[in-house]
Amino acid sequence: MNWLAGIFCLWAGASYAACGQALVLGLDVSGSVDPIEYQLQRDGLAAALTSQAVSDVLLTAGSAPTDIAVFEWSGPNHQILIQPWTTISDENTLRSLARNLRTQPRIAGNLTTAIGSAMIYGAALLDQRKDCWRRTMDISGDGLANTGPRPQDVPAALFDKNVIINGLVIGNGEIIGRDERAADIKELSSYYRAYVIRGAGAFVETALGFEDYANAMERKLLRELQSLALSELQ
């Protein structure tokens, strides 16, 4: 019986280790995000996760599903976990997660923007999923860090070699003039590329205002999830 129990324990451990990707998403809720933009961000993430293209990838992962967690961040001491780690094993689980994102009430944050603190918090969450084949953090934001540790000063030792940090920058959709909009996106994207994203293949996706958030998030999720599928096939 002892050998049978041992085999069962090995099987159970192997099944847990078959997590394909741990994906933690950090949403900017600092003072620059008004109530309408806040809800556009929440609804946009929910819509992207349940879009046909993204859900098809998530739900065909088989024995190596994706684990997802979501938190909101603003100042150095404001990081709120709004979606604990959830294994996307079926459509009902995915839709329940999306419903939670749309309906959970907002907790008032700080006016400031502490990207470095958000990265540290996300690293602690990913540390709970060390057995996943790939671990990815997404930081969404509409401005530069102005408080807390600077993103470039967050120690590399906090992240294992298989951790990737991607960015989704949200440009100012209210700026009049195409050139001004392009300059705004370019400046913020350059900042994220220089100081925020990390790891092999890390990238920055852009959204022209919160109205474009859902489309940008869908593009980003597909790129992340499909890159894992391709690497496993190879």
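The values are calculated or read from the model by the stated rules, or taken from the named source; none is laboratory data. Just so it is clear, the structure is predicted and the values come from calculations on it, not from any experiment. Backbone-built Cβ (ideal geometry, glycine too); neighbour counts: all protein chains shown.
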Note on the range 90-133: residues under 17 Å from Ala48 (Cα atoms) and of a type in the set (Gly, Ala, Ser) are Ser96, Ala98
Restricting to the range 97-109, name every residue that is touching a strand residue (DSSP E or B) at 6+ places or on another chain (Cβ under 9 Å) and surrounded by 14 or more Cβ atoms within 10 Å (Cβ to Cβ). Leu97, Asn100, Leu101, Gln104, Arg106, Gly109
So for the range 75-83 (the condition being modelled with pLDDT under 95 and either outside any loop (DSSP other than H, G, I, E, B) or of a type in the set (D, E, K, R) (or both)), does at least one residue qualify? no
Mind listing whichever residues of the range 70-83 are surrounded by fewer than 22 Cβ atoms within 10 Å (Cβ to Cβ) and of a type in the set (Gly, Ala, Ser)? Gly75
Restricting to the range 43-64, count the residues that are touching a residue at least 24 places away in the same chain (Cβ under 8 Å) and surrounded by fewer than 21 Cβ atoms within 10 Å (Cβ to Cβ). 11
Taking the range 149-174 and keeping residues at pLDDT 95 or above and buried (at least 20 other Cβ atoms within 10 Å of the Cβ) leaves Pro151, Val154, Ile164, Ile165, Asn166, Gly167, Leu168, Val169
So for the range 84-96 (the condition being touching a helix residue (DSSP H, G or I) at 6+ places or on another chain (Cβ under 7 Å), buried (at least 18 other Cβ atoms within 10 Å of the Cβ) and under 26 Å from Lys130 (Cα atoms)), does at least one residue qualify? yes
